Amino acid sequence: MKLPRITILATLLLTAPAAAQLQITPPVATPSAAPAKEKAKEKPATKPHTITKKKDAAPKPSASPSPAPAATVIPAPPTDNSNVDLVYGAYQRGQYKTALELATARAQAGDAKAMTMLGELYSNAMGIRRDYAKASQWYKRASDAGDREAMFALAMLRMSGRGGPVDKGEAVKLMASAAKLGEPKAAYNLALLYLDGQTLPQDVKRSAELLRQGADAGLPEAQYALATFYKEGTGVPKDPERAVRLLQAATLTDNVDAEVEYAIALFNGTGTPKNQPAAVALLRKASRQGSAIAQNRLAWVLINGVGTPIDKVEGFKWHLVAKTAGKGDPDLDKQLSDLSPDDRAKAEAAARKWLGTK
(Lines give C-alpha, C1' and ligand atoms only; values in the text may rest on other atoms or scores of the structure.)
Protein backbone atom coordinates (compact mmCIF):
# COMPACT_ATOMS: atom_id res chain seq x y z
CA MET A 1 0.00 0.00 0.00
CA LYS A 2 1.37 3.40 -0.95
CA LEU A 3 1.37 5.93 1.85
CA PRO A 4 1.52 9.68 2.19
CA ARG A 5 5.12 10.69 2.46
CA ILE A 6 6.30 12.68 5.43
CA THR A 7 8.37 15.71 4.50
CA ILE A 8 10.48 17.64 6.96
CA LEU A 9 10.45 21.22 5.76
CA ALA A 10 13.75 23.08 5.44
CA THR A 11 15.18 22.30 8.87
CA LEU A 12 14.77 19.65 11.48
CA LEU A 13 11.69 19.75 13.70
CA LEU A 14 11.06 22.32 16.41
CA THR A 15 13.82 21.09 18.72
CA ALA A 16 16.56 21.11 16.07
CA PRO A 17 19.29 23.76 16.50
CA ALA A 18 19.44 26.64 14.05
CA ALA A 19 23.08 25.77 13.44
CA ALA A 20 21.87 22.92 11.28
CA GLN A 21 21.93 25.56 8.54
CA LEU A 22 25.55 26.49 9.23
CA GLN A 23 26.65 27.27 5.69
CA ILE A 24 23.47 26.77 3.77
CA THR A 25 19.88 27.80 4.15
CA PRO A 26 17.93 24.78 2.95
CA PRO A 27 14.61 25.96 1.50
CA VAL A 28 11.15 25.04 2.64
CA ALA A 29 9.31 22.48 0.71
CA THR A 30 6.97 23.89 -1.78
CA PRO A 31 3.43 23.00 -0.67
CA SER A 32 2.05 20.15 -2.73
CA ALA A 33 -1.54 19.52 -3.59
CA ALA A 34 -2.95 18.40 -0.26
CA PRO A 35 -5.84 16.06 0.40
CA ALA A 36 -9.29 17.58 0.88
CA LYS A 37 -9.80 19.46 4.15
CA GLU A 38 -6.09 20.19 4.54
CA LYS A 39 -4.73 23.71 4.39
CA ALA A 40 -1.49 24.82 2.80
CA LYS A 41 1.12 26.12 5.19
CA GLU A 42 2.98 29.40 4.74
CA LYS A 43 6.58 29.21 3.69
CA PRO A 44 9.18 31.18 5.60
CA ALA A 45 11.50 33.44 3.65
CA THR A 46 15.11 32.56 2.89
CA LYS A 47 18.04 34.55 1.58
CA PRO A 48 19.42 33.38 -1.75
CA HIS A 49 22.09 35.14 -3.80
CA THR A 50 21.64 38.75 -4.84
CA ILE A 51 21.60 40.14 -8.36
CA THR A 52 24.63 42.29 -8.96
CA LYS A 53 23.65 45.78 -10.02
CA LYS A 54 26.98 46.28 -11.80
CA LYS A 55 29.09 43.84 -13.79
CA ASP A 56 30.52 42.22 -10.68
CA ALA A 57 30.23 38.54 -9.79
CA ALA A 58 27.23 37.58 -7.74
CA PRO A 59 28.01 37.67 -3.99
CA LYS A 60 27.81 34.57 -1.86
CA PRO A 61 24.59 33.66 -0.08
CA SER A 62 24.09 34.38 3.57
CA ALA A 63 22.48 31.96 5.98
CA SER A 64 19.17 32.97 7.53
CA PRO A 65 17.80 30.28 9.88
CA SER A 66 14.04 29.94 9.57
CA PRO A 67 11.61 28.55 12.13
CA ALA A 68 10.84 24.92 11.36
CA PRO A 69 7.16 24.19 10.82
CA ALA A 70 5.69 20.82 11.68
CA ALA A 71 5.97 18.05 9.15
CA THR A 72 3.29 17.93 6.48
CA VAL A 73 1.95 15.03 4.49
CA ILE A 74 2.32 14.64 0.74
CA PRO A 75 0.18 11.87 -0.76
CA ALA A 76 2.09 9.22 -2.67
CA PRO A 77 0.83 8.17 -6.11
CA PRO A 78 -1.78 5.41 -6.18
CA THR A 79 -0.85 1.81 -6.89
CA ASP A 80 -2.30 -0.63 -9.39
CA ASN A 81 -3.54 -2.91 -6.60
CA SER A 82 -7.22 -2.07 -6.06
CA ASN A 83 -7.25 -3.77 -2.66
CA VAL A 84 -4.18 -1.86 -1.52
CA ASP A 85 -5.67 1.34 -2.92
CA LEU A 86 -8.71 1.29 -0.64
CA VAL A 87 -6.94 2.91 2.32
CA TYR A 88 -4.98 5.34 0.18
CA GLY A 89 -8.07 6.20 -1.88
CA ALA A 90 -10.03 7.07 1.25
CA TYR A 91 -7.12 9.14 2.50
CA GLN A 92 -6.75 10.94 -0.84
CA ARG A 93 -10.45 11.88 -0.84
CA GLY A 94 -10.17 13.28 2.66
CA GLN A 95 -12.21 10.41 4.11
CA TYR A 96 -9.87 10.02 7.04
CA LYS A 97 -12.25 8.12 9.30
CA THR A 98 -12.75 5.52 6.58
CA ALA A 99 -8.99 5.36 6.05
CA LEU A 100 -8.57 4.91 9.79
CA GLU A 101 -11.02 2.01 9.94
CA LEU A 102 -9.55 0.26 6.90
CA ALA A 103 -5.96 0.79 8.03
CA THR A 104 -6.73 -0.46 11.55
CA ALA A 105 -8.09 -3.76 10.24
CA ARG A 106 -5.11 -4.27 7.97
CA ALA A 107 -2.58 -3.20 10.61
CA GLN A 108 -3.98 -5.77 13.00
CA ALA A 109 -3.34 -8.34 10.28
CA GLY A 110 0.33 -7.31 10.20
CA ASP A 111 0.41 -4.85 7.28
CA ALA A 112 3.36 -2.52 7.91
CA LYS A 113 2.15 0.12 5.46
CA ALA A 114 -1.22 0.23 7.22
CA MET A 115 0.63 0.72 10.51
CA THR A 116 2.49 3.67 9.03
CA MET A 117 -0.79 5.10 7.77
CA LEU A 118 -2.20 4.91 11.29
CA GLY A 119 0.87 6.73 12.55
CA GLU A 120 0.21 9.45 9.98
CA LEU A 121 -3.45 9.78 10.90
CA TYR A 122 -2.76 9.99 14.64
CA SER A 123 0.21 12.33 14.19
CA ASN A 124 -1.66 14.75 11.92
CA ALA A 125 -5.09 14.57 13.59
CA MET A 126 -6.79 13.21 10.48
CA GLY A 127 -10.12 11.56 11.27
CA ILE A 128 -9.13 11.22 14.89
CA ARG A 129 -7.79 13.32 17.74
CA ARG A 130 -4.05 13.94 17.54
CA ASP A 131 -2.17 11.47 19.70
CA TYR A 132 1.61 11.43 19.32
CA ALA A 133 1.97 8.52 21.73
CA LYS A 134 -0.24 6.28 19.59
CA ALA A 135 1.40 7.60 16.42
CA SER A 136 4.76 6.66 17.90
CA GLN A 137 3.53 3.17 18.74
CA TRP A 138 2.28 2.52 15.21
CA TYR A 139 5.41 4.00 13.64
CA LYS A 140 7.52 1.78 15.91
CA ARG A 141 5.65 -1.36 14.84
CA ALA A 142 5.95 -0.42 11.17
CA SER A 143 9.61 0.50 11.62
CA ASP A 144 10.35 -2.84 13.23
CA ALA A 145 8.70 -4.44 10.20
CA GLY A 146 11.14 -2.60 7.93
CA ASP A 147 9.08 0.32 6.61
CA ARG A 148 11.46 3.17 5.79
CA GLU A 149 8.85 5.93 5.96
CA ALA A 150 7.88 4.80 9.45
CA MET A 151 11.56 4.86 10.46
CA PHE A 152 11.86 8.44 9.31
CA ALA A 153 8.60 9.51 10.95
CA LEU A 154 9.59 7.89 14.23
CA ALA A 155 13.01 9.54 14.04
CA MET A 156 11.32 12.93 13.77
CA LEU A 157 9.14 12.21 16.80
CA ARG A 158 12.18 11.08 18.80
CA MET A 159 14.08 14.17 17.73
CA SER A 160 11.28 16.50 18.85
CA GLY A 161 10.20 14.62 21.97
CA ARG A 162 6.68 14.07 20.71
CA GLY A 163 5.02 10.87 21.82
CA GLY A 164 7.88 10.20 24.23
CA PRO A 165 11.13 11.62 25.56
CA VAL A 166 13.69 13.23 23.29
CA ASP A 167 16.13 10.57 22.13
CA LYS A 168 18.50 11.93 19.51
CA GLY A 169 20.62 8.81 19.54
CA GLU A 170 17.69 6.62 18.52
CA ALA A 171 16.54 9.28 16.06
CA VAL A 172 19.91 9.23 14.29
CA LYS A 173 19.92 5.41 14.10
CA LEU A 174 16.41 5.38 12.66
CA MET A 175 17.27 8.12 10.19
CA ALA A 176 20.41 6.29 9.08
CA SER A 177 18.45 3.06 8.60
CA ALA A 178 15.79 4.85 6.57
CA ALA A 179 18.45 6.53 4.45
CA LYS A 180 20.10 3.17 3.73
CA LEU A 181 16.74 1.89 2.56
CA GLY A 182 16.49 4.82 0.13
CA GLU A 183 14.33 7.33 2.03
CA PRO A 184 15.49 10.69 0.56
CA LYS A 185 14.05 12.85 3.35
CA ALA A 186 16.00 10.83 5.89
CA ALA A 187 19.19 11.30 3.87
CA TYR A 188 18.53 15.05 3.66
CA ASN A 189 17.97 15.49 7.39
CA LEU A 190 20.91 13.28 8.26
CA ALA A 191 23.00 15.52 6.00
CA LEU A 192 21.90 18.52 8.06
CA LEU A 193 22.97 16.77 11.26
CA TYR A 194 26.43 16.10 9.80
CA LEU A 195 26.63 19.72 8.70
CA ASP A 196 25.49 20.98 12.11
CA GLY A 197 28.16 19.09 14.03
CA GLN A 198 26.23 18.95 17.30
CA THR A 199 24.20 15.76 17.28
CA LEU A 200 26.78 14.11 15.03
CA PRO A 201 30.46 14.97 14.43
CA GLN A 202 30.67 17.58 11.70
CA ASP A 203 31.52 15.95 8.38
CA VAL A 204 30.80 18.10 5.32
CA LYS A 205 31.88 15.38 2.90
CA ARG A 206 29.43 12.91 4.41
CA SER A 207 26.80 15.64 4.39
CA ALA A 208 27.39 16.20 0.68
CA GLU A 209 27.11 12.45 -0.01
CA LEU A 210 23.75 12.30 1.74
CA LEU A 211 22.53 15.41 -0.04
CA ARG A 212 23.50 13.79 -3.33
CA GLN A 213 21.40 10.77 -2.39
CA GLY A 214 18.40 12.99 -1.74
CA ALA A 215 19.05 15.07 -4.85
CA ASP A 216 19.33 11.99 -7.08
CA ALA A 217 15.96 10.85 -5.71
CA GLY A 218 14.43 14.17 -6.83
CA LEU A 219 14.07 15.86 -3.43
CA PRO A 220 14.13 19.61 -4.22
CA GLU A 221 15.41 20.61 -0.77
CA ALA A 222 18.42 18.35 -1.25
CA GLN A 223 18.95 19.61 -4.80
CA TYR A 224 18.94 23.20 -3.59
CA ALA A 225 21.27 22.50 -0.66
CA LEU A 226 23.69 20.47 -2.80
CA ALA A 227 23.71 23.28 -5.37
CA THR A 228 24.90 25.61 -2.61
CA PHE A 229 27.62 23.10 -1.71
CA TYR A 230 28.84 23.09 -5.32
CA LYS A 231 28.74 26.88 -5.53
CA GLU A 232 30.79 27.29 -2.37
CA GLY A 233 32.96 24.17 -2.61
CA THR A 234 31.60 22.76 0.65
CA GLY A 235 32.43 19.06 0.91
CA VAL A 236 32.74 18.87 -2.88
CA PRO A 237 34.89 20.59 -5.51
CA LYS A 238 33.50 23.97 -6.52
CA ASP A 239 31.45 23.51 -9.69
CA PRO A 240 29.18 26.41 -10.73
CA GLU A 241 27.83 24.53 -13.75
CA ARG A 242 26.73 21.56 -11.70
CA ALA A 243 25.24 23.91 -9.12
CA VAL A 244 23.11 25.51 -11.81
CA ARG A 245 21.92 22.14 -13.12
CA LEU A 246 20.76 21.22 -9.62
CA LEU A 247 18.98 24.55 -9.22
CA GLN A 248 17.27 24.05 -12.56
CA ALA A 249 16.09 20.60 -11.48
CA ALA A 250 14.69 22.00 -8.24
CA THR A 251 12.75 24.69 -10.11
CA LEU A 252 10.78 21.96 -11.89
CA THR A 253 8.98 21.30 -8.59
CA ASP A 254 8.19 25.00 -8.16
CA ASN A 255 10.72 25.32 -5.35
CA VAL A 256 10.67 29.06 -4.89
CA ASP A 257 14.16 29.38 -3.40
CA ALA A 258 15.67 27.45 -6.28
CA GLU A 259 13.74 29.63 -8.72
CA VAL A 260 15.29 32.75 -7.21
CA GLU A 261 18.80 31.29 -7.20
CA TYR A 262 18.46 29.99 -10.75
CA ALA A 263 17.10 33.34 -11.90
CA ILE A 264 20.10 35.11 -10.41
CA ALA A 265 22.49 32.66 -12.09
CA LEU A 266 20.77 33.30 -15.43
CA PHE A 267 20.76 37.05 -14.86
CA ASN A 268 24.48 37.18 -14.11
CA GLY A 269 25.57 34.34 -16.40
CA THR A 270 27.08 32.39 -13.50
CA GLY A 271 27.60 28.75 -14.43
CA THR A 272 25.23 29.13 -17.37
CA PRO A 273 24.84 31.40 -20.41
CA LYS A 274 23.37 34.76 -19.48
CA ASN A 275 19.65 35.01 -20.19
CA GLN A 276 18.18 38.06 -18.51
CA PRO A 277 14.63 37.81 -19.97
CA ALA A 278 14.36 34.23 -18.67
CA ALA A 279 15.72 35.40 -15.32
CA VAL A 280 13.10 38.14 -15.09
CA ALA A 281 10.36 35.64 -15.90
CA LEU A 282 11.52 33.43 -13.02
CA LEU A 283 11.71 36.42 -10.69
CA ARG A 284 8.12 37.27 -11.58
CA LYS A 285 7.05 33.73 -10.79
CA ALA A 286 8.90 33.64 -7.47
CA SER A 287 7.55 37.08 -6.57
CA ARG A 288 3.99 35.87 -7.09
CA GLN A 289 4.86 32.92 -4.85
CA GLY A 290 5.71 35.35 -2.06
CA SER A 291 9.52 35.48 -2.10
CA ALA A 292 10.59 38.86 -0.72
CA ILE A 293 14.07 38.35 -2.22
CA ALA A 294 12.57 37.87 -5.67
CA GLN A 295 10.26 40.86 -5.17
CA ASN A 296 13.20 43.07 -4.28
CA ARG A 297 15.24 41.93 -7.30
CA LEU A 298 12.26 42.18 -9.64
CA ALA A 299 11.63 45.73 -8.44
CA TRP A 300 15.21 46.68 -9.28
CA VAL A 301 15.17 45.25 -12.83
CA LEU A 302 11.75 46.74 -13.63
CA ILE A 303 12.63 50.19 -12.33
CA ASN A 304 15.98 50.22 -14.13
CA GLY A 305 14.84 48.40 -17.26
CA VAL A 306 17.53 45.68 -17.15
CA GLY A 307 16.53 42.59 -19.09
CA THR A 308 12.98 43.89 -19.38
CA PRO A 309 11.20 47.12 -20.41
CA ILE A 310 11.04 49.82 -17.73
CA ASP A 311 7.84 49.67 -15.67
CA LYS A 312 8.28 51.93 -12.67
CA VAL A 313 4.75 51.56 -11.33
CA GLU A 314 5.02 47.78 -11.30
CA GLY A 315 8.59 47.95 -10.05
CA PHE A 316 7.79 50.20 -7.12
CA LYS A 317 4.77 48.04 -6.32
CA TRP A 318 7.13 45.11 -5.76
CA HIS A 319 9.56 47.34 -3.89
CA LEU A 320 6.84 48.32 -1.43
CA VAL A 321 5.66 44.72 -1.08
CA ALA A 322 9.21 43.48 -0.42
CA LYS A 323 9.76 46.27 2.08
CA THR A 324 6.86 45.05 4.22
CA ALA A 325 8.70 41.72 4.49
CA GLY A 326 11.92 43.40 5.60
CA LYS A 327 13.63 43.52 2.21
CA GLY A 328 13.85 47.27 1.79
CA ASP A 329 16.29 49.09 -0.49
CA PRO A 330 17.45 52.65 0.36
CA ASP A 331 18.38 53.33 -3.27
CA LEU A 332 14.88 52.41 -4.43
CA ASP A 333 13.37 54.47 -1.61
CA LYS A 334 15.21 57.49 -3.00
CA GLN A 335 13.99 56.77 -6.52
CA LEU A 336 10.45 56.37 -5.18
CA SER A 337 10.61 59.85 -3.70
CA ASP A 338 11.46 61.19 -7.16
CA LEU A 339 8.47 59.47 -8.78
CA SER A 340 5.58 61.62 -9.97
CA PRO A 341 2.68 61.85 -7.46
CA ASP A 342 0.35 60.09 -9.92
CA ASP A 343 2.70 57.13 -10.53
CA ARG A 344 3.51 56.87 -6.84
CA ALA A 345 -0.18 56.69 -5.99
CA LYS A 346 -0.64 53.93 -8.57
CA ALA A 347 2.31 51.95 -7.18
CA GLU A 348 1.06 52.30 -3.61
CA ALA A 349 -2.46 51.25 -4.61
CA ALA A 350 -1.11 48.20 -6.46
CA ALA A 351 1.01 47.25 -3.42
CA ARG A 352 -1.99 47.57 -1.10
CA LYS A 353 -4.06 45.42 -3.43
CA TRP A 354 -1.38 42.73 -3.50
CA LEU A 355 -1.02 42.80 0.28
CA GLY A 356 -4.80 42.79 0.77
CA THR A 357 -4.79 46.04 2.72
CA LYS A 358 -6.83 49.18 2.23
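The values are calculated or read from the model by the stated rules, or taken from the named source; none is laboratory data. For clarity, every value in this text was computed on a predicted model and none was experimentally measured. No Cβ is skipped: glycine too gets one built from the backbone with ideal geometry, and neighbour counts run over all protein chains shown.
Structure summary
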| quantity | calculated |
| --- | --- |
| Residue list for segment 213-227, filter: farther than 14 Å from LEU192 by Cα and not in a loop (DSSP other than H, G, I, E, B) | ASP216, PRO220, ALA227 |
| Residues of segment 304-358 satisfying the condition of being aromatic (Phe, Trp, Tyr) and out of contact with any Lys or Arg (no Cβ under 8 Å at 6 or more places or on another chain) | TRP318 |
| Near pairs, Cβ below 7 angstrom, 6+ apart or cross-chain, from segment 133-154 (at positive phi) to any residue that is surrounded by fewer than 24 Cβ atoms within 10 Å (Cβ to Cβ) | GLY146/ALA112 |
| Some residue of segment 186-196 being of a type outside the set (S, T, N, Q) and at pLDDT below 95 | yes |
| Failed condition for LEU174, given (1) assigned to a loop (DSSP other than H, G, I, E, B); (2) crowded, with 24+ Cβ neighbours inside 10 Å | (1) |
| Residues (in a helix (DSSP H, G or I) and in contact with a Ser or Thr (Cβ under 8 Å, 6 or more places away or on another chain)) located in segment 249-260 | VAL256, ASP257, ALA258, GLU259, VAL260 |
| Scan of segment 197-207 for residues that are over 18 Å from VAL236 (Cβ atoms) and either at pLDDT below 95 or not hydrophobic (A, V, I, L, M, F, W, C) (or both), ordered by number | GLN198, THR199, PRO201 |
| Residue in segment 322-342 that is of a type in the set (Val, Ile, Thr), within 20 Å of LEU283 (Cα to Cα) and exposed (fewer than 14 other Cβ atoms within 10 Å of the Cβ) present | no |
| Test for GLU149: is it assigned to a helix (DSSP H, G or I), within 23 Å of ALA186 (Cβ to Cβ) and of a type in the set (Asp, Glu) | yes |
| Some residue of segment 274-287 being touching a Lys or Arg at 6+ places or on another chain (Cβ under 7 Å) and at pLDDT 95 or above | yes |
| Total residues in segment 307-333, condition under 17 Å from LEU266 (Cβ atoms) and touching a residue at least 40 places away in the same chain (Cβ under 8 Å) | 1 |
| Hits in segment 155-170 (condition: part of a helix (DSSP H, G or I) and either closer than 14 Å to TYR132 by Cβ or without any contact (Cβ under 8 Å) to a residue 24 or more places away in the chain (or both)) | ALA155, MET156, LEU157, ARG158, MET159, SER160, GLY169, GLU170 |
| Within segment 181-204, tally of residues that are in a helix (DSSP H, G or I) and more than 22 Å from the chain's Cα centre (by Cα) | 0 |
| All helices (runs of 4 or more DSSP H) inside segment 287-358 with 1 or more residues being over 22 Å from VAL260 (Cβ atoms) | 312-324, 330-337, 341-355 |
| Segment 280-306, residues that are closer than 21 Å to ALA243 by Cβ and touching a residue at least 40 places away in the same chain (Cβ under 8 Å) | SER291, ILE293, ARG297 |
